[in-house]
Amino acid sequence: MTKKAWGGRFTNDSISWVDDFNASIHFDKVLIEEDIKGSIAHGDMLKTKGILTEDEFKKIEAGLKEILEEYQKGQITFSIEREDIHMNIEALLIEKIGPIGGKLHTARSRNDQVATDMHLYVKREVIDIISTIEYLQGTIVELAESNIEVLMPGYTHLQRAQPILFSHHILVYFWMLERDKARFKDALKRIDISPLGAGAISGTTFDIDRHQTQKALDFNDIYHNSMDAVSDRDYIVETLSNISLTMVHLSRLSEELIFWSTDEANFITLSDAFTTGSSMMPQKKNPDMAELIRGKSGRTSGYLMSMLMLLKGLPLTYNKDMQEDKEGLFDAVKTIKGALKIMDGMLSTMSVNKDVLEEAVSNDFSNATELADYLVEKEIPFRDAHEIVGKLVLTCINRGIYLKDLPFEEYKKASSVIENDIYDILSAKVSVNRRISYGSTGTEAVKVQLKLARERIT
Ligand code: ARG
């Protein structure tokens with residue numbers, strides 16, 4: 001039976017399965033580096049303020065560094081009875097350097113300690129996520145650049161709508177990720193704040209210097225209210241929200257990749273490395289990675305909901321409920337980093353089946369708007385033009401042909417303003433390039449867009 005750090009007040013031994021329920025060490029051990037970094041900054045400040053002697057701090061610092069090294073070498077076993085990473089490290093330090101180790105917790109509580117660790121952790125991971133997003137954006141830009149001449153059907157309601165450039169379509173995901181990146185960056189303002197020195201709730205009677213630890217830990221800002229410092233988990237909610245939305249974006253893209261790679265569409269071919277076979281059906285090549293990203297996006301949104309529910313009834317300040325802020329967040333971070341990397345791999349190795357896409361845009365009714373616009377240019381009100389073209393489409397459907405196959409006499413019958421230049425208008429390529437409005441799918445407009453996209457990532 002390990003003596004508890006708070007043993008003084010207790011008379012009975014704890015029960016192992018209660019300890020097990022209470023403990024967070026199995027998951028909060030990932031905070032070890034942050035915890036040690038925070039402790040060294042705290043100890044150093046206590047030394048500056050004359051609360052620890054030079055020699056005491058030296059021993060503490062050396063002890064903490066040794067613990068980290070031993071951990072990295074796999075030489076440390078944590079104990080459940082010591083509950084969490086903070087108390088495990090403190091106990092290990094005392095074992096290593098003696099009772100002086102117990103002085104480190106002067107003017108500090110686990111409440112500001114865990115908050116410090118979490119702020120450091122979230123900051124590090126968010127910065128990493130931002131650069132991973134940017135890497136994926138670079139891949140999207142390259143894909144758009146190298147396929148600038150490829151046409152494809154554009155959809156609404158998953159029905160063929162109008163022909164577009166493949167580049168225009170894929171760049172949508174660039175802009176989604178650009179907004180995601182901006183949201184993560186903005187959240188950093190509320191992540192990069194030091195709670196250290198807030199104590200358990202009300203601050204401390206010791207003459208500490210919170211600004212020193214803020215600077216030492218490279219926090220951009222400091223909490224101005226000790227109670228807020230230990231109660232705030234907004235930055236975790238925000239991070240989970242940003243992760244969830246980015247995952248939803250990756251999920252939408254995954255859904256497109258899954259559809260594009262069906263036998264029915266065959267617009268792209270995913271590389272073998274990002275697909276799997278079937279245990280039974282020899283012909284199968286399944287888009288498992290895209291499906292997993294789509295599936296995992298449910299998980300990250302779930303963590304966001306559970307974090308919001310966790311906080312909604314909590315009175316100030318620290319409540320043990322808050323220990324539940326970690327597992328979801330840690331898993332969400334792992335999930336999004338994995339998904340971004342996989343998406344990047346899928347996009348950079350897939351092939352775009354140009355011929356199939358060309359064929360697709362040549363054999364559908366996605367040029368119908370074009371025909372209506374043509375009539376409008378000839379002074380026919382759009383509503384009438386819509387009716388005329390609708391009837392022409394119906395005629396074609398009944399005959400099993402497309403607008404380009406309809407004989408000229410039929411066009412003349414439908415509207416006397418139609419000339420035989422009509423067939424040029426009906427080509428998908430002409431249709432796309434007649435799009436000249438800003439932000440449109442016309443090649444020139446997409447080139448402008450591409451240039452802007454490039455500038456955002458370099
Ligand atoms: N393991 C705890 C957590 O993750 C650390 C803080 C414990 N504080 C307390 N007053 N029991 O939240």
Which of the residues belonging to segment 146-169 are surrounded by 19 or more Cβ atoms within 10 Å (Cβ to Cβ), of a type in the set (S, T, N, Q) and more than 28 Å from the chain's Cα centre (by Cα)?
162
Does residue 344 meet the test of being part of a helix (DSSP H, G or I), away from the ligand (no atom under 16 Å from the Cβ) and acidic (Asp, Glu)?
yes
Looking at (1) modelled with pLDDT of 95 or more; (2) touching a helix residue (DSSP H, G or I) at 6+ places or on another chain (Cβ under 8 Å); (3) closer than 22 Å to residue 252 by Cα, which is the one condition that is false for residue 276?
(1)
Filtering segment 130-145 down to residues that are among the acidic types (Asp, Glu) and farther than 23 Å from residue 239 by Cβ, which residue is surrounded by the most Cβ atoms within 10 Å (Cβ to Cβ)?
145
Counting just the residues of segment 270-290 that are among the small types (Gly, Ala, Ser) and in contact (Cβ under 8 Å) with a residue 40 or more places away in the chain, which one comes out surrounded by the fewest Cβ atoms within 10 Å (Cβ to Cβ)?
273
Filtering segment 66-88 down to residues that are β-branched (Val, Ile, Thr) and either in contact with a helix residue (DSSP H, G or I) (Cβ under 6 Å, 6 or more places away or on another chain) or at pLDDT below 95 (or both), which residue is nearest to residue 316 (Cα to Cα)?
85
Going by the structure shown, is residue 184 of a type in the set (Phe, Trp, Tyr), modelled with pLDDT of 95 or more and in contact with a helix residue (DSSP H, G or I) (Cβ under 6 Å, 6 or more places away or on another chain)?
yes
Can you report the number of residues in segment 260-293 which are more than 16 Å from residue 170 (Cβ to Cβ) and assigned to a loop (DSSP other than H, G, I, E, B)?
16
For residues that are touching a Gly at 6+ places or on another chain (Cβ under 8 Å) and more than 11 Å from the ligand (Cβ to nearest atom), scanning just segment 97-109, find the one that is nearest to residue 318 (Cα to Cα).
108
Need the failing condition index for residue 19 against (1) surrounded by fewer than 20 Cβ atoms within 10 Å (Cβ to Cβ); (2) away from the ligand (no atom under 13 Å from the Cβ); (3) not hydrophobic (A, V, I, L, M, F, W, C), just the number.
(2)
Residue 64 surrounded by 18 or more Cβ atoms within 10 Å (Cβ to Cβ), under 20 Å from residue 211 (Cα atoms) and either within 16 Å of the ligand (Cβ to nearest atom) or touching a residue at least 24 places away in the same chain (Cβ under 8 Å) (or both)
no
For residue 352, which of the numbered conditions (1) within 16 Å of the ligand (Cβ to nearest atom); (2) within 28 Å of residue 134 (Cβ to Cβ) fails to hold?
(1)
Need the failing condition index for residue 332 against (1) under 30 Å from residue 265 (Cβ atoms); (2) under 46 Å from the mean Cα position of the chain (by Cα); (3) at pLDDT 95 or above, just the number.
(1)
Within segment 304-317, the count of residues that are within 16 Å of the ligand (Cβ to nearest atom) and over 15 Å from residue 234 (Cβ atoms) comes to 2
Which ones in segment 318-328 are assigned to a helix (DSSP H, G or I), near the ligand (Cβ under 9 Å from one of its atoms) and surrounded by 19 or more Cβ atoms within 10 Å (Cβ to Cβ)?
322, 325, 326
Residue 90 being within 30 Å of residue 64 (Cα to Cα) and within 16 Å of the ligand (Cβ to nearest atom):
yes
What's the number of the only condition in (1) assigned to a helix (DSSP H, G or I); (2) over 20 Å from residue 216 (Cβ atoms) that residue 76 fails to meet?
(1)
Regarding residue 201, is this residue in contact (Cβ under 8 Å) with a residue 60 or more places away in the chain and crowded, with 22+ Cβ neighbours inside 10 Å?
no
Looking only at segment 84-106, which residues are outside any helix (DSSP H, G or I) and either surrounded by fewer than 21 Cβ atoms within 10 Å (Cβ to Cβ) or touching a Cys at 6+ places or on another chain (Cβ under 7 Å) (or both)?
98, 105, 106
Output the number of residues of segment 234-269 satisfying the condition of being surrounded by fewer than 17 Cβ atoms within 10 Å (Cβ to Cβ) and under 23 Å from residue 194 (Cα atoms).
1
Restricting segment 117-128 to residues that are crowded, with 21+ Cβ neighbours inside 10 Å and either over 23 Å from the mean Cα position of the chain (by Cα) or of a type in the set (A, V, I, L, M) (or both), which is farthest from residue 198 (Cα to Cα)?
126
I'm trying to understand the selection: among the residues of segment 110-136, which are more than 13 Å from the ligand (Cβ to nearest atom) and among the aliphatic types (A, V, I, L, M)?
120, 122, 126, 127, 129, 130, 133, 136
Would you pick out the residues in segment 194-234 that are within 15 Å of the ligand (Cβ to nearest atom) and in a helix (DSSP H, G or I)?
226, 227, 229, 230, 231
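The values are calculated or read from the model by the stated rules, or taken from the named source; none is laboratory data. These numbers come from a predicted model, not from an experiment. We place every Cβ from the backbone using ideal geometry, glycine too, and count neighbours over all the protein chains shown.
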